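Novice: Structure provided below as structure tokens; questions to follow.
The values are calculated or read from the model by the stated rules, or taken from the named source; none is laboratory data. Only a predicted model underlies this, so the values are computations on that prediction, with no experimental measurement involved. Every residue, glycine as well, gets a Cβ built from its backbone with ideal geometry; the counts of neighbours run over all protein chains shown.
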Amino acid sequence: MTPDRDLLDDLAAVLDQVDPVPPHLAEAAAFRPPTAFVPLEWTTDSAVAVPAGKRGAGGSRTLRFTAGTTTVDLRLDTVDGLGVRALGLVHPPRGGSVLVSWPSGDHVADLDHIGWFRADLVPPGPLRFVVRQPGLPDLTTGWFVQ
Amino acid sequence: MEELTNAELVVRARLHDQAAWREIVRRHLPLLWSAARTAGLREADAADVCQYTWLTLSESLHRIREPAKLSGWLITTARNEALRVRKVRGRELPVDLWGPPEVDYPGPEELVLDSERAVRLWRAFGTLTDQCREILRLVAYAPGLSYQDVAGAVGVPVGNLGSTRSRCLAVLRRRVEAEVSV
């Protein structure tokens, strides 16, 4: 053992006491078989860069994803203590639905004739959206934390 | 499982070997937690980032080109999402877990520490720069982590990591000792 390693081991012991890893996190890390969804590409995220001329409107987060000719716009609002409200637009409109997933469940929202969908009050935390349109591969945003 | 390398664990986990997956989680959870907490997230958000990282790994296991670099991949994935979440939560009040400790009376962290030396170490750690705290926290938990993994995760050039790490440790040691002489 070097003196440096001793000091680092002491530091690890202190961190374990002051800021321990919550025990439930190991159980929450269950393996999920991979899916065959086609990943959408992240185009914009207001959390990272607010588009010119816009100043963070309220607590809303807006995201845009694309794949080929398809564009998916999301607006997410976190409602304190209740959950996340999602409003989305899939363009061009082709019908179908959007599967909204979180670690312990999911919800299917239909796409209307314009391409809108909404999901009210899903749990905050990791979320994933999958766009399912007839005759096309399923497109996914991948997981992200809201 | 403990004797297997990360690359071997990835190969097994791809075949849905649950024990290999659990070993990957056991080996890396403290690192992911550290990466999220050092990025300034409160506990609930740090927990979400850890869970996000495992979900993303499940989905990406077959696409990881260099399984031997699993540790670096996991830490970078967690850190990037933690920084994004910090921006999402930007409108909320920051939680300054790592700010300078109060000098006159013990903070809540110090009440859980069981020795005077531990308290000194914690106080001295709190006076380091963000970068030093980030580097030391990772190498404290994962002695086997390569310089390349740590450098990639904290965003410093790999050529500078060795000297930065040594400097951070030297400052920490000096400040722990200074606390004794006060």
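Novice: If we scan region B:31-38, do we find a residue that is at pLDDT 95 or above and hydroxyl-bearing (S, T, Y)?
Specialist: no
Novice: Taking region B:131-163, which residues are farther than 25 Å from B:R117 by Cβ and either among the β-branched types (V, I, T) or modelled with pLDDT of 95 or more (or both)?
Specialist: Of everything in region B:131-163, those that are farther than 25 Å from B:R117 by Cβ and either among the β-branched types (V, I, T) or modelled with pLDDT of 95 or more (or both) turn out to be B:V150, B:V154, B:V156, B:V158.
Novice: Taking the condition of being more than 29 Å from the chain's Cα centre (by Cα) and at the interface with another protein chain (Cβ under 7 Å from one of its Cβ atoms), how many residues in region A:14-42 meet it?
Specialist: Count: 4.
Novice: Tally up the residues in region B:23-59 that are within 8 Å of chain A (Cβ to nearest Cβ) and either of a type in the set (S, T, Y) or in contact with a helix residue (DSSP H, G or I) (Cβ under 9 Å, 6 or more places away or on another chain) (or both), please.
Specialist: 18
Novice: Follow-up. Please work out if B:S60 is among the small types (G, A, S) and more than 29 Å from B:A124 (Cα to Cα). Lay out the reasoning, then the answer.
Specialist: Numbers: among the small types (G, A, S): yes; more than 29 Å from B:A124 (Cα to Cα): yes.
In short, yes.
Novice: With the condition kept exactly as written, say whether any residue in region A:57-65 is of a type in the set (V, I, T), in a strand (DSSP E or B) and buried (at least 20 other Cβ atoms within 10 Å of the Cβ).
Specialist: The answer is no, given that none of the residues of region A:57-65 is of a type in the set (V, I, T), in a strand (DSSP E or B) and buried (at least 20 other Cβ atoms within 10 Å of the Cβ).
Novice: Based on this model, can you work out whether A:V100 counts as more than 11 Å from chain B (Cβ to nearest Cβ), assigned to a strand (DSSP E or B) and touching a residue at least 40 places away in the same chain (Cβ under 8 Å)?
Specialist: Judged against the criteria, A:V100 is not a match.
Novice: Of everything in region B:107-133, what is more than 9 Å from chain A (Cβ to nearest Cβ) and closer than 14 Å to A:L8 by Cβ? Give them in sequence order.
Specialist: Scanning region B:107-133 gives B:A124, B:L128, B:C132, B:R133.
Novice: Let me ask another. Identify, please: which residue in region B:60-69 is assigned to a helix (DSSP H, G or I) and more than 9 Å from chain A (Cβ to nearest Cβ) and is, among those, nearest to the chain's Cα centre (by Cα)?
Specialist: Just the residues of region B:60-69 that are assigned to a helix (DSSP H, G or I), to begin with: B:60-63, B:67-69.
Restricting the remaining residues to those that are more than 9 Å from chain A (Cβ to nearest Cβ) gives B:67-69.
On the way: B:P67: 20, B:A68: 19, B:K69: 16 Å.
Once the filter is applied, the top-ranked residue is B:K69.
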